[in-house]
1. So is Ile124 over 19 Å from the mean Cα position of the chain (by Cα) and buried (at least 19 other Cβ atoms within 10 Å of the Cβ) or not?
2. Report every pair of residues separated by at least 6 positions or lying on different chains whose Cβ atoms are under 7 Å apart, first residue within segment 96-115 and β-branched (Val, Ile, Thr), second part of a helix (DSSP H, G or I) and surrounded by fewer than 21 Cβ atoms within 10 Å (Cβ to Cβ).
3. For Ala243, only one of the following conditions fails: (1) touching an Asp or Glu at 6+ places or on another chain (Cβ under 8 Å); (2) under 26 Å from Thr63 (Cα atoms); (3) open to solvent by less than 50 Å² (accessible area, probe 1.4 Å). What is its number?
4. Between a first residue in segment 172-193 that is within 15 Å of Ser52 (Cβ to Cβ) and a second residue that is in a loop (DSSP other than H, G, I, E, B) and of a type in the set (D, E, K, R), which pairs have beta carbons less than 7 Å apart while being 6 or more apart in sequence or on different chains?
5. How many residues are under 14 Å from the mean Cα position of the chain (by Cα) and surrounded by fewer than 22 Cβ atoms within 10 Å (Cβ to Cβ) when one looks only at segment 216-232?
6. Taking segment 220-276, which residues are within 24 Å of Arg188 (Cα to Cα) and in a loop (DSSP other than H, G, I, E, B)?
7. Being out of contact with any Ser or Thr (no Cβ under 6 Å at 6 or more places or on another chain) and in contact (Cβ under 8 Å) with a residue 40 or more places away in the chain is the requirement here; does Arg250 meet it?
8. How many residues are open to solvent by less than 20 Å² (accessible area, probe 1.4 Å) and within 30 Å of Ala64 (Cβ to Cβ) when one looks only at segment 104-115?
Amino acid sequence: MTDLITADAPDIGPAAPQRAVVSMRNISKIFSNGTLALSDMSLDVMRGEFISLLGPSGCGKSTALRIIAGLGAPSTGAIGWPSSTINARGLPEGDIGFVFQEPTLMPWQTVFGNVYLPLRLKGIGKAAARDQIMETLDSVGLADFEKSYPRELSGGMKMRVSIARALVTSPKLLLMDEPFAALDEITRQKLNDDVLRLWRKSGVTVIFVTHSVFESAFLSNRIVVMKARPGQVFSDMEISTSATRDENYRTSEEYRAVTDRVSRALHDAIHSGDAR
């Protein structure tokens with residue numbers, strides 16, 4: 001059964017042979033101050049994809065992500081979850097993990113306590129959750145820091161805790177809202193490598209918001225370029241490579257060609273309204 005979060009929207013219709021994890025149909029968002037952030041945005045996200053939402057600042061990337069997460073409602077349009085069981089809030093139960101722009105850690109809790117939070121909210125005891133938490137911390141390279149507090153961690157380590165907290169419930173869909181934008185380039189590249197490794201290992205579907213052409217070209221197997229406000233899909237590009245995406249790939253001709261292609265699409269999206 002396909003369940004919808006709707007706001008004066010048409011039915012999403014029958015599922016494709018490969019069912020989407022989430023479908024956006026004709027989503028628009030008008031804020032209370034009258035700002036039209038999204039206009040008629042439609043997007044299907046398929047299982048196992050790594051999709052980057054790329055566009056200029058203010059184009060509605062984060063707004064779209066928050067609507068998918070249920071942190072805001074569309075003004076018009078529909079969100080569908082063809083592959084999930086829907087809870088009373090109209091969201092897939094336990095199927096979404098969210099990594100915000102800032103780590104948003106609880107300073108009074110240890111690394112272990114911060115990662116335990118979503119499991120505690122599910123009513124799982126700390127002892128029962130311990131193995132799951134430690135396995136997740138190990139996957140992000142923080143198994144030795146379970147007793148540390150956020151004030152004792154670097155910016156990159158704090159973001160790793162945030163990623164672990166989002167992954168500890170084994171979500172089907174991981175939403176990441178420019179999580180590395182404030183980090184230095186070396187840390188950012190290392191975390192990009194780690195996110196790709198986690199994606200390959202877990203099979204989780206990822207929607208990653210970024211304004212970096214280089215980051216989107218390195219991480220994604222699909223890049224959705226959005227127009228300037230009001231945001232909507234301008235270009236939807238599949239990104240396939242013959243090489244392993246690692247340090248050598250970053251200096252390859254293939255990577256340069258991908259970034260050139262994405263840069264042209266972003267340039268066209270930014271200037272798509274100039275003739276009006």
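1. no
2. Once the first residue is β-branched (Val, Ile, Thr) and sits in segment 96-115, its partners that are part of a helix (DSSP H, G or I) and surrounded by fewer than 21 Cβ atoms within 10 Å (Cβ to Cβ) give Ile96/Ala69; Val111/Phe145.
3. (2)
4. These pairs meet every condition: Leu173/Asp95.
5. 2
6. Ser220, Asn221, Ile239, Ser240, Thr241, Ser242, Ala243, Thr244, Arg245, Asp246, Thr251, Ser252
7. It is true that Arg250 is out of contact with any Ser or Thr (no Cβ under 6 Å at 6 or more places or on another chain) and in contact (Cβ under 8 Å) with a residue 40 or more places away in the chain.
8. Looking only at that region, the number is 2.
The values are calculated or read from the model by the stated rules, or taken from the named source; none is laboratory data. All of these numbers come straight from a predicted model, not from anything done at the bench. Methodologically, a virtual Cβ is constructed for each residue, glycine included, from the backbone with ideal geometry; neighbour enumeration extends over all protein chains shown. These accessible areas exclude ligands, DNA and RNA; they are computed on the full protein's heavy atoms, side chains included. Shrake-Rupley method; radii C 1.70, N 1.55, O 1.52, S 1.80 Å.
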